[in-house]
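The structure under discussion appears below in the form of structure tokens.
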Amino acid sequence: MNTAGQLDHRAAVAAEAARFADLVRGADMTAPVPTCPGWDLTDLVRHAGSVHRWFTVLLRRRIQAPPTSREVDLRLPERADGYADWLAEGAAEAAEVFAETDLDAPMWVWGADGHARFWVRRMAFETLLHRVDAERALGLPSAVDRELARDGVDEFLVNLPYATLFAPKVANLRGADRTLRFECADTDGSWLVRLRPDGFGLVTDGTAADSPADAVVRAPAADLLLFLYGRLDRSAASVETGGDEELLDLWTANSEF
């Protein structure tokens, strides 16, 4: 199931970055981030803003091969209280590049969709996820748009098989034709993942809807997205699971990135 074409990911990046910047403006930047052990808010914002700038460079250059360097002029602020504006400035620069980019242009990507739009969609969910991390650090509730969350589930599951470069545990997601189904409880989202001896991936041949699964995870779209990213445990009240517990253990132990 692919919902990417139904959403404006450029607008999502701008909205999520603005929310993120507003959250940390005036906040205690030394506050620990419980969902990113060892990080404080400064580390979180520095990471998110650095990703924005890195993706912007990739888009501006329309790269056609894996980059040999990640060197980017980050222009980091001198003081911790400058990070909110720094984050907003990076998002504004990204928006300028988005406006002049043909999102259908072929590009090198690490995931499934070899076009410029891959990086904008990826940036949308990278920003959303770390905005939620910031809210957790500040003890605030999180709200995620349902349709955006559903698209984020799809983006995660489509690209996860390609993530071993920076998430090596993903290579452990193998099995003898074992399947997991992920379902949105509040909208029409359902994905079937098959583990094979040589790897795993989404079932996209038209049989996914009717095929039984060895394990099932069902939650509202926002909670399903946070579960997939390891920000919500499957013991949470909103997350329903069923079927093969060992298969669910294998998934949760090896699927985060």
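The values are calculated or read from the model by the stated rules, or taken from the named source; none is laboratory data. Here the structure is a predicted model, which is why all the values come from computation and not from measurement. Heads up, the Cβs are rebuilt from the backbone with ideal geometry, glycines too, and the neighbour counts pull from every protein chain shown. Ligands, DNA and RNA are stripped out before the accessible areas are found, and what is left, the full protein with its side chains, is counted by its heavy atoms. Shrake-Rupley method; radii C 1.70, N 1.55, O 1.52, S 1.80 Å.
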query = Reported to two decimal places, what Rg/Rh ratio describes region 9-143 when computed on Cα atoms with Rh from the Kirkwood expression?
reply = 0.98
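Given contacts defined as C-alpha pairs under 8 Å and at least six residues apart, what's the relative contact order of the chain, whole-number percent?
Details: 399 pairs, mean separation 48.0, N = 257.
For the chain, the relative contact order is 19 percent.
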request  = With a point put 7 Å past each Cα toward its Cβ, work out how far A18 is from T204 in nm, to one decimal.
outcome  = 3.3
inquiry  = Tell me the mean residue ellipticity at 222 nm calculated for the chain from its helices only (DSSP H runs of n ≥ 4, each -39500 (n - 2.57), averaged over every residue, nearest 500).
reply    = -13500 deg cm²/dmol
task = Using a cut-off of under 19 Å, list every residue of region 144-186 whose amide N is near the label point 7 Å from the Cα of H115 along the Cα-to-beta-carbon line.
result = 151-160
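Provide the per residue accessible area, probe 1.4 Å, for the chain, rounded to a whole number of square angstrom.
Working: 11790 Å² over 257 residues.
Counting only protein heavy atoms, the per-residue value for the chain is 46 Å².
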message = If I model a spin label at S69 and S211 as a point 7 Å from the Cα along the Cα→Cβ vector, what separation in nanometres do I get?
response = 4.5
key: Ratio Rg/Rh, restricted to the chain and using Cα atoms, in which Rh is the Kirkwood radius   = 0.96
query = What FRET efficiency, computed as 1/(1 + (r/R0)^6) with R0 = 25 Å and r the Cβ-Cβ distance, is obtained for A95 and Q6, rounded to the nearest 0.05?
reply = 0.75
ask   = Do you know the relative contact order of region 143-257, to the nearest whole percent, from alpha carbon pairs under 8 angstrom that are 6+ apart?
value = 29
query = Say each of R60 and D28 gets a label point 7 Å from the Cα, pointing the same way as Cα to Cβ; how far apart are those two points in nm?
reply = 3.7
inquiry  = Angle check, please: helix 83-99 long axis (alpha carbons) against the longest principal axis of the chain (alpha carbons), in degrees 0 to 90, nearest 10.
reply    = 70
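Which percent of the Cα-Cα distances in region 189-257 go past 18 Å? Working shown, then result.
Values: 912 of 2346 pairs.
Here the long-distance tail beyond 18 Å is 39 percent of all Cα pairs in region 189-257.
What is the magnitude of the charge dipole of region 9-143 about its Cα centre, with +1 placed on the Cβ of each Lys and Arg, -1 on the Cβ of each Asp and Glu, and no other charges, expressed in debye to the nearest 20?
Numbers: 16 positive and 20 negative charges, 68 e Å.
The dipole of region 9-143 has a size of about 320 debye.
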task = Please work out how much accessible surface D151 shows to a 1.4 Å probe, ignoring ligands, DNA and RNA, in Å² rounded to 10.
result = 0
Relative contact order, percent, region 9-143 [alpha-carbon distance under 8 Å, six or more residues apart] = 40
